[in-house]
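The values are calculated or read from the model by the stated rules, or taken from the named source; none is laboratory data. Quick caveat: nothing in here was measured; it's all calculated off a predicted structure. Cβ: placed from backbone, ideal geometry, glycine included. Neighbour counts: every protein chain shown.
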Amino acid sequence: MANKDRTSRQAVIDDIRKQQKAAERRKGGLVIAGAVVVGLLIIGAAAWKPISDRRELSQFADQSLAEIGAAASVCQEVETKEASGSQDHVPEGTPIAYEDAPPAFGQHYDIWDSIDRKFYTDDRPDVGELVHNLEHGYTLLWYDETVADDDAQMKTLRGIASKFENDDNLRNKFKAVPWRSEDGAAFPKGQHVALTHWSVGGAGNQSADAQKGVWQYCSEPSGEALEQFMRDYPYMDSPEPDAV
């Protein structure tokens, strides 16, 4: 009788163990299935973004730079100011206080951003790094938080940036970057875009006395104004035009 009881109990225990193992297998299967679904969603999102970006930019394919955004009349007159800081390099991360919003010249980091990227949002390089780009002849289009919060204007900025190829052609020394409240003072009232350039007073002129910062503020993005600005202040008109 005792043997029968032990056999019966063992059968119950074995049955419980089988049920537990089956439940664990089902649970493991659900975890794996969930991980696969999440993985597929991540891969799908990564694959969709380039497609979505291409579709968004396709409307600008047949437009010239000057045809994108508002007319140049939304921009104020160009302003200039005596510049300093050429080859005044400090280590990355060194605090730098810039008087102007945004800066067009000045002390800067000993690194700069590569030419291949034309448009930035939250992952923008530090201001001290971008000022080094200005020294190399870049034109920077800074946009404030008003523009950053406007989907239509951000789309226009992407269209503008798409007109500059992502290669090492020095004529593509352009970047569109955000200017945030923590970076410094606000732009002049009613102005939400700023074009900046570090000029030497004309291509080939390397006199430090002739250097000047150049600004043009606009109420919204204007490809027409940008095109004229870069024609008036090309990359050759800078302290270090041959540096990429």
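Considering Val177, Val200, Val193, the condition of being touching a Lys or Arg at 6+ places or on another chain (Cβ under 7 Å) and β-branched (Val, Ile, Thr) is satisfied by Val177 alone. Taken together, Thr146, Thr139 contain a single residue that is among the polar types (S, T, N, Q), in the same structural domain as Ala194 (by TED's automatic domain parsing) and over 28 Å from Pro241 (Cβ atoms), which is Thr146. Residue-level check: of (1) surrounded by fewer than 18 Cβ atoms within 10 Å (Cβ to Cβ); (2) in a strand (DSSP E or B), Gln216 misses just (1).
Among the conditions (1) in contact (Cβ under 8 Å) with a residue 24 or more places away in the chain; (2) of a type in the set (Asp, Glu); (3) in a helix (DSSP H, G or I); (4) exposed (fewer than 14 other Cβ atoms within 10 Å of the Cβ), Asp116 misses just one, which is (3). Only one of the listed residues (Val214, Val200, Val131, Val177) is among the aliphatic types (A, V, I, L, M), assigned by TED's automatic domain parsing to the domain that holds Ala83, closer than 21 Å to Glu67 by Cα and touching a residue at least 12 places away in the same chain (Cβ under 8 Å). That residue is Val177. Number of residues in segment 69-106 that are outside any helix (DSSP H, G or I) and either small (Gly, Ala, Ser) or not assigned by TED's automatic domain parsing to the domain that holds Leu141 (or both): the value is 12. Ile111 satisfies every condition listed in (1) of a type in the set (A, V, I, L, M); (2) crowded, with 17+ Cβ neighbours inside 10 Å; (3) more than 17 Å from Lys81 (Cα to Cα); (4) touching a helix residue (DSSP H, G or I) at 6+ places or on another chain (Cβ under 9 Å) except (2).
Here's the yes/no breakdown for (1) of a type in the set (A, V, I, L, M); (2) within 26 Å of Gly184 (Cα to Cα); (3) touching a residue at least 24 places away in the same chain (Cβ under 8 Å):
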{"position": "Glu67", "(1), (2), (3)": "no, no, yes"}
{"position": "Val78", "(1), (2), (3)": "yes, yes, yes"}
{"position": "Ala97", "(1), (2), (3)": "yes, yes, no"}
{"position": "Ala101", "(1), (2), (3)": "yes, yes, yes"}
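Scanning segment 156-169 for residues that are buried (at least 16 other Cβ atoms within 10 Å of the Cβ) and either among the basic types (Lys, Arg) or modelled with pLDDT under 95 (or both) returns Arg158, Lys163. Residues that are touching a strand residue (DSSP E or B) at 6+ places or on another chain (Cβ under 7 Å) and in a loop (DSSP other than H, G, I, E, B) within segment 219-244 comprise Glu220, Pro221, Tyr233, Asp237, Ser238, Pro239, listed in sequence order.
From Pro102, Pro91, grab the single residue that is at pLDDT 95 or above, under 30 Å from Ser207 (Cβ atoms) and surrounded by fewer than 13 Cβ atoms within 10 Å (Cβ to Cβ). Explain how you work it out, then say what you get.
On the way: Pro102 fails: surrounded by fewer than 13 Cβ atoms within 10 Å (Cβ to Cβ).
Of the residues listed, the single one that is at pLDDT 95 or above, under 30 Å from Ser207 (Cβ atoms) and surrounded by fewer than 13 Cβ atoms within 10 Å (Cβ to Cβ) is Pro91.
For segment 158-173, taking the residues that are touching a residue at least 40 places away in the same chain (Cβ under 8 Å) and touching a helix residue (DSSP H, G or I) at 6+ places or on another chain (Cβ under 7 Å), the one that is nearest to Glu240 (Cα to Cα) is identified as Phe164.
Look at segment 150-183 and say how many of its residues are over 24 Å from Ser238 (Cα atoms) and among the small types (Gly, Ala, Ser). Counting residues in segment 150-183 that are over 24 Å from Ser238 (Cα atoms) and among the small types (Gly, Ala, Ser) gives 3.
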